[in-house]
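> Got a structure for you, written out below as structure tokens; questions coming shortly.
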Amino acid sequence: MDDPNPRTRRMIELMGQLAPVEGYNLTPLDDVRFLRSNRPLTRMPVLYDPGIVIVCQGRKRGYLGDEIYVYDAQHYLVVSVPVPFTMETDASEAEPMLAVYLRLDFNLAAELMLQLDEHAGVVEARPKGMYSSPMDDKLSESVLRFLEVMSTPVEARILGPTLVREIYFRIITGAQGGSMRTALNRQGAVRQSGPGHP
């Protein structure tokens, strides 16, 4: 692995503490999990619920038909509808795969999209059930702040939701935000953003 920059090194350090055991590590926030794998995983079928996967170290590859989705420290993955695909993981004991998983909060996404409509608007695009997109500096900085907050239980509970909202904002206004918006609109997320929506 290339020598990571200071921000990425700090993210890896925090994730090593937040995800001490292999598999999914629970957090004070119901929709957030930290994932760790200490060994490579060969291609296997998976069904991702709608969510966002941000890899801080290691690499995952998703295969859907002829498409290959790479998500690593430079790319995040968004799944806006349940998608069955095959996945493999690059990881080792020395450099475990460390990732943040946020289950997609349709109400939060809808609220942000409506607010953006009122102020700046969001460009719609061809809907994609799944896509990987490059991490930019603003999103990376938001993720680092989120990990810093999540390492303290009280801050995680009180400030964590605000940082989750910031991460959603960065993604919805990012390069593939239009695709996410269109996919969510097709599910009626904006029109049905009341309590109880999945």
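> Find the strands (runs of 3 or more DSSP E) located wholly in segment 59-152 whose residues include 3 or more that are closer than 26 Å to Leu26 by Cα and of a type outside the set (A, V, I, L, M, F, W, C), and list them.
59-64, 67-72, 83-90, 130-134
Residue-by-condition table, conditions (1) part of a loop (DSSP other than H, G, I, E, B); (2) on the phi < 0 side of the Ramachandran plot; (3) exposed (fewer than 13 other Cβ atoms within 10 Å of the Cβ):
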| position | (1), (2), (3) |
| --- | --- |
| Thr8 | no, yes, no |
| Met11 | no, yes, no |
| Leu14 | no, yes, no |
| Val21 | yes, yes, yes |
| Pro28 | yes, yes, no |
| Arg33 | no, yes, no |
| Arg39 | yes, yes, yes |
| Met44 | no, yes, yes |
| Leu47 | no, yes, yes |
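> Answer yes or no as to whether Val83 is open to solvent by less than 20 Å² (accessible area, probe 1.4 Å), modelled with pLDDT under 90 and under 24 Å from Asp105 (Cβ atoms).
yes
> Moving on to the next point. Of the residues Met113, Met150, which single one is crowded, with 20+ Cβ neighbours inside 10 Å, modelled with pLDDT of 90 or more and more than 13 Å from the chain's Cα centre (by Cα)?
Being crowded, with 20+ Cβ neighbours inside 10 Å, modelled with pLDDT of 90 or more and more than 13 Å from the chain's Cα centre (by Cα) holds for just one of Met113, Met150, which is Met150.
> May I ask you to verify whether Asp66 is surrounded by fewer than 16 Cβ atoms within 10 Å (Cβ to Cβ) and under 16 Å from the mean Cα position of the chain (by Cα)?
No.
> Only one residue in Tyr71, Tyr101 is at pLDDT 90 or above, open to solvent by 10 Å² or more (accessible area, probe 1.4 Å), among the hydroxyl-bearing types (Ser, Thr, Tyr) and closer than 21 Å to Ala175 by Cα, so which one is that?
Result of the check over Tyr71, Tyr101: Tyr101.
> Between a residue in segment 20-48 that is closer than 21 Å to Leu108 by Cβ and any residue that is among the acidic types (Asp, Glu), which pairs come within a Cβ distance under 6 Å, given they are 6 or more apart or on different chains?
Once the first residue is closer than 21 Å to Leu108 by Cβ and sits in segment 20-48, its partners that are among the acidic types (Asp, Glu) give Asp31/Asp105.
> Does Ile171 satisfy the criteria of being assigned to a helix (DSSP H, G or I) and either at pLDDT below 95 or among the hydroxyl-bearing types (Ser, Thr, Tyr) (or both)?
For Ile171, the condition - assigned to a helix (DSSP H, G or I) and either at pLDDT below 95 or among the hydroxyl-bearing types (Ser, Thr, Tyr) (or both) - is met.
The values are calculated or read from the model by the stated rules, or taken from the named source; none is laboratory data. Quantities reported herein were computed from a predicted structural model and do not represent experimental measurements. Backbone-built Cβ (ideal geometry, glycine too); neighbour counts: all protein chains shown. Ligands, DNA and RNA are stripped out before the accessible areas are found, and what is left, the full protein with its side chains, is counted by its heavy atoms. Shrake-Rupley method; radii C 1.70, N 1.55, O 1.52, S 1.80 Å.
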